[in-house]
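In what follows, a single structure is set out as structure tokens and then discussed.
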Amino acid sequence: MTSNTLPPIALLGTGLMGSPMARNILKAGYSLTVWNRSRAKAEGLVGAGATLALTTAAAVAASDIVVLMLENGGIVEEVLFASGAADAMRPGTIVVDMSSIKPAEAQRHAARLADRGIAHVDAPVSGGTVGAESGSLAIMAGGDPADYAKVEPLLRSMGRPTHVGPHGAGQLAKLANQIIVGVTIGAVAEALLLAKKGGADPAKVREALRGGFAESRILDLHGQRMVERDFVTKGRSVTHLKDLDNALDAADRLGVEATPFTTATADLFRGLLANAGDLDHSALLVELERRNSIQN
């Protein structure tokens, strides 16, 4: 890796999260090559200073660090190993996978890349599109400490990184985050539904709870969306369900037998998606209303 200048970066995946992340990388002064399966989503970054690559191999060939921001583990595996990306990387390249995937998948990818002389750091994020745009993402990184140290300055251009352990640990931390967020969204929705059913004003109940032990960013942000019934997608329910299912898979692999809160919340998301579609994850309220035969 280049020592005296900023290393050249490739970013594969420039969707809702990847595009603002790319802009923050460019603002930090890095040279950046971008690729996306839907070319139009990457073309918009050219005006910000990025170089557009038409293939994954072209994107990574001259890059010291390759950042992935893709939808799931299957797509990560396809892009890395079926599209020719890994074959085009030079030994010593570091792959930073910021996608949210299964810990076992991250460990498997790290092992396959190591066989090629390529390092791997799994670094999923929390903060949504708002955090991606403001460069304030919470970034949970797993991998070799020396590799993490090399990519930490890049990660700081996108948010607040923390090294949490070996390969796969970043993904475990992200799953822990998604359990807490999902279960808390469900709790806020259930509480506001109960208040409304009993004749209390949900907006006033939320206001009354602010500052007490129930205070949280979920009560603040998602509670407000529930009160306003603003379910335009800011955090996709289908993505949150994927993460909860990945958490249940990790729990099974690790021998954690009782996961009642994660299991129940995943079931709520499944119902929401089946009956109302891929709304914002605060729309768990809608699914609870349906199950209680409450018309809004």
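Do you know which of the residues in the stretch 22-38 that are assigned to a loop (DSSP other than H, G, I, E, B) and of a type outside the set (G, A, S) is farthest from the chain's Cα centre (by Cα)? Before you say what the answer is, go through the steps one by one.
Looking only at the stretch 22-38, we keep the residues that are assigned to a loop (DSSP other than H, G, I, E, B), and these are 28-31, 36-38.
Going one step further and asking which of them are of a type outside the set (G, A, S), we end up with 30, 36-37.
Numbers: Y30: 22, N36: 17, R37: 18 Å.
Checking each candidate, the answer is Y30.
State whether one or more residues within the stretch 256-270 are touching a residue at least 40 places away in the same chain (Cβ under 8 Å), over 22 Å from the mean Cα position of the chain (by Cα) and assigned to a helix (DSSP H, G or I).
no
Only one residue in L219, L244, L209, L248 is at pLDDT 95 or above, assigned by TED's automatic domain parsing to the domain that holds L284 and over 22 Å from the mean Cα position of the chain (by Cα). Which one?
Numbers: L219 fails: over 22 Å from the mean Cα position of the chain (by Cα); L244 fails: over 22 Å from the mean Cα position of the chain (by Cα); L248 fails: over 22 Å from the mean Cα position of the chain (by Cα).
Exactly one of L219, L244, L209, L248 is at pLDDT 95 or above, assigned by TED's automatic domain parsing to the domain that holds L284 and over 22 Å from the mean Cα position of the chain (by Cα), namely L209.
Just checking, how many residues over the stretch 197-208 are without any contact (Cβ under 8 Å) to a residue 12 or more places away in the chain and in a helix (DSSP H, G or I)?
If we filter the stretch 197-208 for residues that are without any contact (Cβ under 8 Å) to a residue 12 or more places away in the chain, which is where we start, we get 198-201, 204, 207-208.
Now drop any that are not in a helix (DSSP H, G or I), which leaves 204, 207-208.
Result for the stretch 197-208: 3.
Quick check on the stretch 108-136: of everything there that is more than 22 Å from I75 (Cα to Cα) and in contact (Cβ under 8 Å) with a residue 40 or more places away in the chain, which residue is surrounded by the most Cβ atoms within 10 Å (Cβ to Cβ)?
Applying the filter and picking the extreme gives G135.
Tell me which residues, restricted to the stretch 138-151, are touching a His at 6+ places or on another chain (Cβ under 8 Å), closer than 14 Å to P124 by Cα and not in a loop (DSSP other than H, G, I, E, B).
Those that are touching a His at 6+ places or on another chain (Cβ under 8 Å), closer than 14 Å to P124 by Cα and not in a loop (DSSP other than H, G, I, E, B): A141, G142, Y148.
As an exercise: evaluate L54 against (1) without any contact (Cβ under 8 Å) to a residue 24 or more places away in the chain; (2) in a helix (DSSP H, G or I) and give the number of the one condition it does not meet.
Result: L54 passes all but (2).
For (1) modelled with pLDDT of 95 or more; (2) in contact with a Ser or Thr (Cβ under 9 Å, 6 or more places away or on another chain); (3) hydroxyl-bearing (S, T, Y), each residue gets a yes or a no:
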{"position": "G29", "(1), (2), (3)": "yes, yes, no"}
{"position": "L32", "(1), (2), (3)": "yes, yes, no"}
{"position": "N36", "(1), (2), (3)": "yes, yes, no"}
{"position": "V46", "(1), (2), (3)": "yes, no, no"}
{"position": "T51", "(1), (2), (3)": "yes, yes, yes"}
{"position": "L54", "(1), (2), (3)": "yes, no, no"}
{"position": "A57", "(1), (2), (3)": "yes, yes, no"}
{"position": "A62", "(1), (2), (3)": "yes, yes, no"}
{"position": "V67", "(1), (2), (3)": "yes, no, no"}
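For the stretch 125-137, give me each residue that is at pLDDT 95 or above, outside any loop (DSSP other than H, G, I, E, B) and of a type in the set (S, T, Y).
S134
For the list (1) out of contact with any Leu (no Cβ under 9 Å at 6 or more places or on another chain); (2) assigned to a loop (DSSP other than H, G, I, E, B), I need the number of the one condition that I294 fails.
Here I294 meets the rest and fails (1).
What tally of residues in the stretch 179-209 results from selecting those that are farther than 15 Å from A283 by Cβ and touching a helix residue (DSSP H, G or I) at 6+ places or on another chain (Cβ under 7 Å)?
The number of residues fulfilling the criteria is 8.
In the stretch 109-124, what residues are closer than 30 Å to H281 by Cα and in a helix (DSSP H, G or I)? First the steps, then the outcome.
Step one: of the stretch 109-124, the residues closer than 30 Å to H281 by Cα are 109, 121-124.
Correct list: H109 only.
The values are calculated or read from the model by the stated rules, or taken from the named source; none is laboratory data. Not measured: the values here are computed from a predicted model. Here the Cβ is made from the backbone with ideal geometry for all residues, glycine too, and neighbour counts use every protein chain on show.
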